[in-house]
Amino acid sequence: MENRIKLKVLGITYSQIQQGAYALVLSEENGSRRIPIIIGTAEAQSIAIQLEHLTPPRPLTHDLFVSFANAFDIKLKEVYIYKFEEGVFSSELLFEDNDGKEKKIDSRTSDAIAFALRSGAGIYTNEEIIKLAGVEFDEDTQKENSQIEKTEFRSVDELQKMLNQAISDEDYEMASQLRDEIRKIKEFESGKDDSSLK
């Protein structure tokens, strides 16, 4: 069996690569390398809610999935990010039932992380993925690392205040991005978001 590297969720920040998306940042549990994964607004919100220990008024899809597994005594043992190809991460979920029988299911990485956070399951990858997609953080970049850890998923009210400020400052490029982000969140909250990002 290949050597597994355990990861932890460092935080979520706005994507510098893809407008209207977020970067989920994973970190080696015992190392300085990070893996940024571009995810959609809906997945970012679901992960952020769990990171902030918030309880939505109604269960999100990821909450429902975990509740379903628990109801049938199926345990999520681990998430394994096993492939990185053409900018897309591939993951699998390893489940175990009451009889100790294991079953692997393919999953989008963003969904897998959302499930792992709700189940307390470990998140793993391998050295090849780290080498292909990882970023090394040294002492000169610890400030940036600290900012990522503190990044919180902003609410519509917060984004609206930022939008008003951007318009006041005549920063119309930022205002356009914030407007799009507000629209995406509102679509998600009304159940219309069908993001197909990783």
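The values are calculated or read from the model by the stated rules, or taken from the named source; none is laboratory data. Just so it is clear, the structure is predicted and the values come from calculations on it, not from any experiment. Heads up, the Cβs are rebuilt from the backbone with ideal geometry, glycines too, and the neighbour counts pull from every protein chain shown. Heads up: the accessible areas ignore ligands, DNA and RNA and are worked out on the full protein's heavy atoms, side chains in. Shrake-Rupley method; radii C 1.70, N 1.55, O 1.52, S 1.80 Å.
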Given the peptides 66-73, 42-49, 176-183, arrange them by the average over their residues of other C-beta atoms within 10 Å, most packed first. 42-49, 176-183, 66-73
Among 103-112, 50-59, the order from most to least packed when residues are scored by Cβ within 10 Å on average: 103-112, 50-59
Phi-derived 3J(HN,Hα) across segment 45-61 with the Karplus relation (6.51, -1.76, 1.60, θ = phi - 60°), rounded Hz, x for Gly and Pro, is 5, 4, 5, 4, 4, 6, 5, 8, 6, 9, 10, x, x, 10, x, 7, 4
So how much accessible area does L7 have, in Å² to the nearest 10, using a 1.4 Å probe? 10
Give the accessible surface of segment 1-105 per residue, rounded to a whole number of Å², with probe radius 1.4 Å and ligands, DNA and RNA excluded. 58
Filter on K8/K161; K101/K131; K8/K104 - keep pairs with C-alpha separation over 27 Å: K8/K161; K101/K131
Give the residue list of chymotrypsin sites (Phe, Trp or Tyr not before Pro) in segment 82-132 that are DSSP loop and have at most 10 other beta-carbon atoms within 10 angstrom. none
Return the long-range amide H neighbours of I123 (sequence gap of 5 or more, or a different chain), with a cut-off of under 5 Å between placed amide H atoms. L7, V79
Classified through the alpha carbon gyration tensor (a ≥ b ≥ c as square roots of its eigenvalues; rounded if a/c is under 1.5, else prolate when a/b is larger than b/c, else oblate), segment 1-77 comes out oblate
With +1 on the Cβ of every Lys and Arg and -1 on the Cβ of every Asp and Glu, and nothing else charged, how large is the dipole of segment 7-132 about its Cα centre, in debye rounded to the nearest 20? 240
HN-Hα J in Hz across segment 79-90 - Karplus 6.51, -1.76, 1.60, θ = phi - 60°, x for Gly and Pro: 10, 10, 8, 10, 8, 9, 9, 6, x, 10, 8, 10
